[in-house]
Amino acid sequence: MVDVNWSAVMGTAGAACSALSFLPQVLKVRRQGGHDLSVAMLALLLAGAVLWFAYGVLNHATAVIAANTAVILLVSTVAVMKAVQARRNVGRTRRIRIAIDMDEVLADALGEHLRRYNAAYGVNFSAADLRGRHLEDSVPPAHRAATEAMLDASFFEDLAPMPDCQDVVRELAEHHEVFIASAAMDVPCSFDAKYRWLRRHFPFIPPSHIVFCGDKAVVDADYLIDDRPRHFARFKGKPLLFSAPHNLDETRYPRVASWREVREFYHAVRTLCPHLRDRSHQGRADEDRETAGDVERRPEPALRLHALESLPRQRQQRRDREQSNRSRHLDGEVQQVQPSVGHQRP
């Protein structure tokens, strides 16, 4: 009867499993690249394997020697593949990725909603009546359910595009990576109609760049142009608020009032901050690690970007000041006219 050293068998099997556990990582790096692997982790793992190998040699532990020889080979292979792919990716660039909302940014959904409501109830609601509120919040409570029910599948079929949006989005797509990100889960029956509308009015946006979602935090983009501030709460990129009646009192985010202002903003991005449009293929992770020291290493571009992103807010503040000045001017004229009116006699 053969005397089996089960302790040695178990040790050998465990060592083999530990060594081969890194093989799937080698295959994954070969397929997908290794930019997300920590260099420090690989260095520590390799150092540990070398020490274990030395321990096995000193103690004549064959299983330890064999297992750690395999680990050293596999970890070294991954490190070499990571370094080679990093060198290949140095010349690659990824364009700025811009996500754009559909309703009230690309499509005049509010105009259609007002048209349907006014036709149904014989009233004359206008966008000016909705400052700081949505239409559903402005109508009488008895009309609210019917107003929300107007957002059926047919609602999204023939929406008018917002002025200049098709030309500007086409220009953006020539320089940047453009995605359409619509919270279509708010109206689940809208999927087909929205997709057809986008293909009809924006045929240059490929279907792979159309994203229907609920939470726009899932969108991995550098910028999000949206009219609803709630979508910026968990978005990891930079927000750009597109003006609409319901968000006119919002002051937390940079704002653009039209697609012409969107064009001006991204033209300034390309002109003033060329380093933002030519980024490593490794993605935003590497750039995010540089951000902490970005002002010291690139003071001029960093200051340019800060000034650039404050332009929409400065433009809105200027509009508010002009409106305030006009109001004060009119009030002064009224006060000047009132005394002369009071001295008139029949």
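Any idea how far apart Met81 and Ala142 come out in nm if each label point goes 7 Å out from Cα toward Cβ?
That separation, rounded to one decimal, is 7.0 nm.
Taking K and R as +1 and D and E as -1, what net charge do the other residues with C-beta under 12 Å from the C-beta of Val187 add up to?
Surrounding charge for Val187 is -4.
Under 13 Å from the Cβ of Pro229, count the other residues' Cβ atoms, weight Lys and Arg +1, Asp and Glu -1, and hand me the total.
The answer is 0.
For Ile100, enumerate residues with amide H under 5 Å from its amide H, sequence gap 5+ or separate chain, H modeled in the peptide plane.
Phe179, Ile180, Ala181, Ile225
Packing-wise, with mean Cβ within 10 Å as the measure, how do 81-88, 105-112, 42-49 rank, highest first?
Descending mean neighbour count gives 105-112, 42-49, 81-88.
Compute for the stretch 12-90: radius of gyration divided by Kirkwood radius, i.e. Rg/Rh, restricted to C-alpha atoms, rounded to two decimals.
1.04
Mind listing the phi-derived Karplus ³J(HN,Hα) values for the stretch 123-129, rounded to whole Hz, using 6.51, -1.76 and 1.60 with θ = phi - 60°, and x for any glycine or proline?
With coefficients 6.51, -1.76 and 1.60, one gets 10, 9, 5, 10, 4, 5, 7 Hz.
Provide the descending list of Cα extents for the stretch 191-244 along its principal axes, expressed in whole angstroms.
30, 24, 19
Which part of the stretch 103-117 falls in the paramagnetic zone of Ala257, meaning amide N under 18 Å from the point 7 Å along Cα-to-beta-carbon?
105
At a Förster distance of 22 Å, what's the computed FRET efficiency of Leu23 paired with Thr69, Cβ-Cβ distance as r, to 0.05?
0.95
Which FRET efficiency value, to the nearest 0.05, do you get for Asn118 and Glu177 by plugging their Cβ-Cβ distance into 1/(1 + (r/R0)^6) with R0 = 56 Å?
0.90
Need the full-extension length gain, Ala40 to Asp129, defined as separation in residues times 0.36 nm minus the C-alpha distance. One decimal, nm.
26.1 nm
Starting from the Cα of Ala16, step 7 Å along the direction of its Cβ; do the same at Asp215; then give the gap between the two resulting points in nm.
With each label point 7 Å from Cα toward Cβ, the separation is 4.4 nm.
Nearest 0.05, what FRET efficiency do Ala47 and His201 give at R0 = 45 Å with Cβ-Cβ as r?
0.15
Readers should treat all values here as calculations from the given coordinates under stated rules, not as data from a laboratory. Quick caveat: nothing in here was measured; it's all calculated off a predicted structure. Reconstructed Cβ throughout: ideal geometry from the backbone, glycine too, with neighbour counts over all protein chains shown.
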